[in-house]
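What follows is one structure encoded as structure tokens, with my remarks underneath.
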Amino acid sequence: MNEPTFNYHDQAFGLDAAADYTLLVQLHSNSFTYAVTAGNNLLVCESGHPLEELSTPEELADLFEADYKQLVIGLPATGFTLLPNAVYNEADITGYGRLLNVQSSDKLFVQQLDSENMVIYKVPVKHADLAEQRFGLENTVFNAKGCVNAIGANHPADDTLYLNLLDGRIDLLYFRYGKIRYYNSFECATADDVLYFSALAAKAINMEPADLHLSISGAIESDDELLSKAAAFFKAAELNTLSLFALPREIEAQQILSLTALSLCAL
């Protein structure tokens with residue numbers, strides 16, 4: 001369960017063509033990853049840059065100064081809740097903030113998550129300010145929005161729990177009849193944590209672990225012991241190989257799904 005690392009540059013990449021590119025940036029607690037895409041092509045994908053590179057860029061100064069066709073910046077939520085469109089009321093935003101225990105160190109955001117749900121989420125002020133100063137808040141989205149919609153658009157199975165492991169957290173997502181029925185996130189450090197929270201989610205959706213598939217993306221490799229450990233308790237545990245772009249051999253699809261899926265959030 002090590003955080004994925006990658007550094008890929010296609011030979012066709014050049015900032016002189018930035019007007020045809022989309023820049024995707026995903027902020028984490030202490031770092032960020034980014035990708036540059038054009039159409040169905042992944043041109044650049046890098047991980048592990050310190051947040052300071054956003055405020056005082058050195059290595060990526062030219063990249064940030066380019067004029068892109070589109071920008072999509074994923075913000076890390078430290079807490080969130082989903083509300084159906086029919087229930088959400090903009091006048092109640094202060095109450096939603098209380099529900100999430102928003103403090104002076106947080107900023108509250110509201111966004112359409114999918115066709116049926118709004119997501120209300122809080123982001124550390126530090127990350128929100130970095131994103132605003134570098135890219136503008138109008139280009140920001142809930143970090144997992146793309147991933148949620150990518151899975152939802154690819155016929156999610158009623159017997160499958162979708163996990164994304166990233167930045168010391170686990171996101172657990174379940175669909176029934178193509179609609180979100182369970183979505184939660186927890187701090188997560190070990191394979192045992194993954195099994196515990198997956199079993200907790202199984203209980204919440206009234207299913208037995210032995211009847212449930214796990215589809216896992218994020219901080220996991222094809223030989224991770226988590227897959228064999230999970231298979232002892234769940235019906236099956238597999239990597240989520242969903243991919244929106246053709247990928248080089250050195251990058252596994254599950255490792256960059258939540259990053260590249262931000263492309264679905266482009267305006």
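The values are calculated or read from the model by the stated rules, or taken from the named source; none is laboratory data. From a predicted model like this one, the values you see are computed outputs, not experimental measurements. All Cβ positions, even for glycine, are placed from backbone atoms using ideal geometry, and neighbour counts span all protein chains on display. All accessible areas refer to the heavy atoms of the entire protein, side chains included, with ligands and DNA or RNA removed. Shrake-Rupley method; radii C 1.70, N 1.55, O 1.52, S 1.80 Å.
Okay, here's what the table says:
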item: Gain in span if fully extended, ALA86 to LEU264, counting 0.36 nm per residue against the direct Cα distance; result: 61.7 nm
item: Label selected from [x] 31, 22, 18; [y] 29, 24, 17; [z] 42, 21, 14, the criterion being semi-axes √(5λ) of the Cα gyration tensor in Å as computed here; result: [y]
item: At q = 0.16, 0.23 Å⁻¹, base-10 log of I(q)/I(0) for region 116-187 (Debye sum, equal scatterers on each alpha carbon); result: -0.67, -1.10
item: Residue-normalised accessible area of the chain, expressed per residue, 1.4 Å probe, Å²; result: 48
item: List GLU65, GLU53, GLU132, ordered by accessible area with a 1.4 Å probe, largest first; result: GLU65, GLU132, GLU53
item: Gained length - GLN133 relative to ASP211, 0.36 nm times residue gap less alpha-carbon distance; result: 23.4 nm
item: Furthest towards positive pole of dipole, ASN149, ALA131, LEU163, structure part region 118-163, Cβ charges; result: ALA131
item: Under DSSP loop assignment and at most 14 Cβ neighbours within 10 Å, longest trypsin sites (Lys or Arg not before Pro)-free interval of the chain; result: 70-248
item: Anisotropy class of region 150-199 from Cα gyration tensor, a/c 1.5 cut; result: prolate
